[in-house]
Amino acid sequence: MCNEERSNSLRTLLLTLSFLFQMISLVAGITIPIYANCLGATPLIVGIIGATGGILYSFMPVVSGFLSDKFGRRIFVSLSAPLYSISCLLYLLTGNPYTFIPIKALESFSIALFWPSIEALLVENSGINVEEVLQKFNLSWGTAAMIGPAIGGNLISALGVKTTLLISSLLSIALFPIIIMKIGRLRGEEAFRPRYSISWFGWGWFLSILTAVLSTFLLSFAAGIIYNIFPAYAFNLGIPAYEIGLMILLVGLFRLLAFLEAYRLKSRIGETKIFLAGSLLMALASTIMAPSRTTLFFSISLSIFGFSIGLLYAASIAIFLKKGRGGEGQAAGLFECLLGIGYFLGPLLGGLAAEFSSEAPYVLILILTVSISIFHIFHRSTKV
């Protein structure tokens with residue numbers, strides 16, 4: 001197999017794995033807060049469960065990314081599937097929501113092994129077409145993110161939370177032999193050669209990196225609340241699980257639409273305005289979300305959330321990985337760590353705020369979004 005054919009085969013495999021892993025993790029992801037709520041967990045405990053995953057993810061991806069630069073990607077991708085499967089099984093074996101906290105840490109650890117190596121492999125095999133490959137990557141996991149919660153919600157309604165977690169566990173472990181056989185067969189040594197120097201640190205890129213850092217934190221903070229706090233909140237309002245799944249599907253659908261248009265839009269209006277547009281749309285979404293009580297208004301808000309998250313994600317990951325050539329694992333790991341910080345603080349602060357008012361988590365998103373939008377407006381005339 002020639003180098004070009006091998007690279008194309010590897011990219012196809014990596015995009016397929018991205019789709020499958022993301023779908024499985026979100027089928028389980030929508031199940032866990034609902035399961036914890038059914039076991040009697042308060043909003044604060046639900047938030048702490050989500051935050052536990054976030055705090056581990058706030059540092060572990062950069063560690064796994066650095067180590068994958070040194071030792072190769074295959075071992076980290078391979079370990080992620082069985083570890084995720086084990087975490088799903090452990091949720092099944094407990095009837096106490098407090099024990100979800102250490103299990104969530106294991107789940108997050110497995111995810112932290114997977115994404116930096118996958119992203120680094122894709123960029124290493126992209127040549128000069130980084131944004132083209134990233135668009136395909138975003139569409140791959142974004143499609144899975146769109147359908148995963150809907151599948152999870154319908155499985156919960158039809159089969160119950162325990163069966164849904166069992167299915168997630170079985171599907172996850174099924175990825176292990178595929179990773180072992182296919183990545184081992186298709187990989188080229190050039191994709192696994194150690195690389196250490198990241199060239200994008202420096203004052204010349206400071207404003208661009210700061211913009212990406214703030215936007216990455218914002219989108220993950222909002223997503224952490226939506227995926228960890230909102231399902232139990234909507235369930236307590238009497239909205240059935242299948243409707244919650246369909247509403248979360250809208251986040252994925254409109255994020256997918258944003259992925260299709262983000263890089264094209266960036267070429268027309270510029271990087272800074274993409275970030276500003278994403279922030280302002282998120283402010284609108286949180287304004288609608290806070291007073292809402294019905295499926296219709298939740299759906300409108302979540303659709304806008306999805307599009308804004310998609311714009312911010314696509315622009316941010318492009319900055320990190322394009323300017324991190326030479327140390328792709330570390331650059332991808334740093335991006336994922338910033339996502340983890342938001343996933344940690346979003347559920348934690350959102351769960352704490354929900355103890356006082358059910359609308360408070362979405363007010364928190366609004367406050368953060370307005371603050372970051374002011375930063376983008378202040379720098380809107382600066383070319384980054």
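Bear in mind these aren't lab numbers, they're just calculated from the coordinates by the rules spelled out. Note that this is a predicted model, so its numbers are computed, not measured. All Cβ positions, even for glycine, are placed from backbone atoms using ideal geometry, and neighbour counts span all protein chains on display.
Per residue, what volume in Å³ does the convex hull of the Cα atoms of the chain enclose?
Details: hull volume 43.8 nm³, N = 384.
Measuring per residue, one finds 114 Å³ for the Cα hull of the chain.
Structure remark: mean-square fluctuation, Gaussian network model of the chain, C-alpha springs under 10 Å; the largest value among Leu253, Leu13, Leu345 belongs to Leu13. In this structure, Ala174 and Ile86 have a Cβ-Cβ separation that, at R0 = 22 Å, corresponds to a calculated FRET efficiency of about 0.95.
Could you work out the helix-only [θ] at 222 nm for the chain, with each DSSP H run of four or more residues adding -39,500 (n - 2.57) and the total divided by the number of residues, to the nearest 500 deg cm²/dmol? Numbers along the way, then the final one.
On the way: 14 runs with 308 residues, N = 384.
That calculation yields -28000 deg cm²/dmol at 222 nm.
Cross-linked pairs Lys104/Lys266; Lys70/Lys136; Lys70/Lys104; Lys273/Lys322; Lys162/Lys322: Cα-Cα separations exceed 30 Å for Lys104/Lys266; Lys162/Lys322. Comparing Ser301, Ser68, Ser267 in a Gaussian network model of the chain where C-alpha atoms under 10 Å apart are linked, the largest mean-square fluctuation is found at Ser267. Evaluating 6.51 cos²θ - 1.76 cosθ + 1.60 at θ = phi - 60° for every residue in the stretch 43-51, the Karplus couplings come out as x, 5, 5, 4, x, 5, 4, x, 5 Hz, glycine and proline recorded as x. Here the relative contact order of the stretch 3-378, from alpha carbon pairs under 8 Å that lie six or more residues apart, stands at 31 percent. Backbone N atoms of the stretch 356-376 closer than 20 Å to the 7 Å Cα→Cβ label point of Leu280 belong to residues 365-376. Here each label is just a point 7 Å from Cα along the line to Cβ, and for Ser371 and Ile101 those points are 2.6 nm apart.
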